[in-house]
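Take a look at the structure below.
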Amino acid sequence: MNYTAILANKELKGYFNSPAAYIVLVIFLLLGGWFFASPLFINNTAELRSLFGIIPIVYLFFVPAITMSLISKESSSGTLEILSTFPIKESQIIMGKFWASMGLIGVGLAFTLIHLITIMILGSNIDYGPIFCGYIGLILMGGFYSAIGIFSSTITSNQIVAFIISFFIAFFLFIIQFSLFFIPPFLTEFFQYLSIGYHFDNISRGVIDTRNLIYFLSGTALFLKLSISILESKKWN
């Protein structure tokens, strides 16, 4: 039996049984729509660049909001202990939660495709390469932030605390690229590589470099692995 898929399906349905998911999705889409429509009507420019510029910022709030309860709620309600009595591995619990959050992020991104359809209707000489890569970058970034959010939800049973921890880790990774002026030159390259925005910008330009893929995939794997380890340690305490 594929417990990961069962858990992911259960969590995804749980999202849509709660008004909070709809509220977060509506805010996500309104902000994305506003920043897409502004250059369209003000500058008469049909492009997705502004959308790819604002979604990483919206992610800073959107992803922690949808991941903060994934483990912490189970911990505070005691259902995590019940879940541990089933023949299910901690890795399957974490991955089930991860794919559920990715499913909700995917739904949010799918709605933004209406903006792509709009520029296909209104625009001309559209370069689809950066658009395709931009969406790949948003999916990878969403996965990285989701892993951070699940990690934060694993280390505390308080959802608000989980949100704050997740936000600050994601914000730190996001803000690094704007703080390189304050970093000693011999450390600049290192901190630049840590910056999530640096790697997203590279991908959204239309070039998928192996170094950028390794950054997102290894970062996601690291936080998921940490989450699994913490869950395993809780089982034996």
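Quick check on packing: order 196-206, 148-158, 214-224 by the mean number of other C-beta atoms within 10 Å, highest mean leading. Working shown, then result.
Numbers: 196-206: 20.0, 148-158: 24.3, 214-224: 17.5.
My ranking of the peptides, most packed first, is 148-158, 196-206, 214-224.
Just to confirm the number: angle between the C-alpha axis of helix 113-122 and the first principal axis of the chain, 0 to 90 degrees, nearest 10?
Roughly 10 degrees between the two axes.
Ignoring ligands, DNA and RNA, what percent of the 1.4 Å accessible area of the chain is carbon and sulfur?
Numbers: 8720 of 12420 Å².
About 70 percent, which is the carbon plus sulfur part of the accessible surface.
Can you give me the accessible area per residue for region 53-171, using a 1.4 Å probe, in Å²? Before the final figure, lay out the partial values.
Values: 4910 Å² over 119 residues.
For region 53-171, the per-residue accessible area is 41 Å².
Tell me the net charge near L180. Cut-off is 15 Å between Cβ atoms, L180 excluded, with +1 for each Lys or Arg and -1 for each Asp or Glu.
-2
If contacts are Cα pairs under 8 angstrom and at least 6 residues apart, what is the relative contact order of the chain in percent? Provide the component values of the computation, followed by the final result.
Values: 279 pairs, mean separation 62.6, N = 237.
This gives 26 percent for the chain.
Just for the Cα atoms in the chain, what are the lengths along the principal axes, largest first, rounded to whole Å?
Over the chain, Cα extents along the principal axes are 58, 48, 31 Å.
Output wanted: per-residue J couplings in Hz (rounded whole) for region 222-230, from phi through Karplus 6.51 cos²θ - 1.76 cosθ + 1.60, θ = phi - 60°, x for Gly and Pro.
4, 5, 5, 5, 4, 4, 5, 5, 5
What is the angle, in °, between the Cα long axis of helix 49-67 and the longest principal axis of the Cα atoms in the chain? Nearest 10 is fine, range 0 to 90.
Helix 49-67 sits at roughly 10 degrees to that axis.
The values are calculated or read from the model by the stated rules, or taken from the named source; none is laboratory data. What you are looking at is a predicted structure, and each value in this text was computed from that prediction instead of being measured. A quick note on method: Cβ atoms are made from the backbone with ideal geometry, for glycine too, and the neighbour counts reach across all protein chains shown. Protein only, heavy atoms only, side chains kept; ligands, DNA and RNA dropped before computing areas. Shrake-Rupley method; radii C 1.70, N 1.55, O 1.52, S 1.80 Å.
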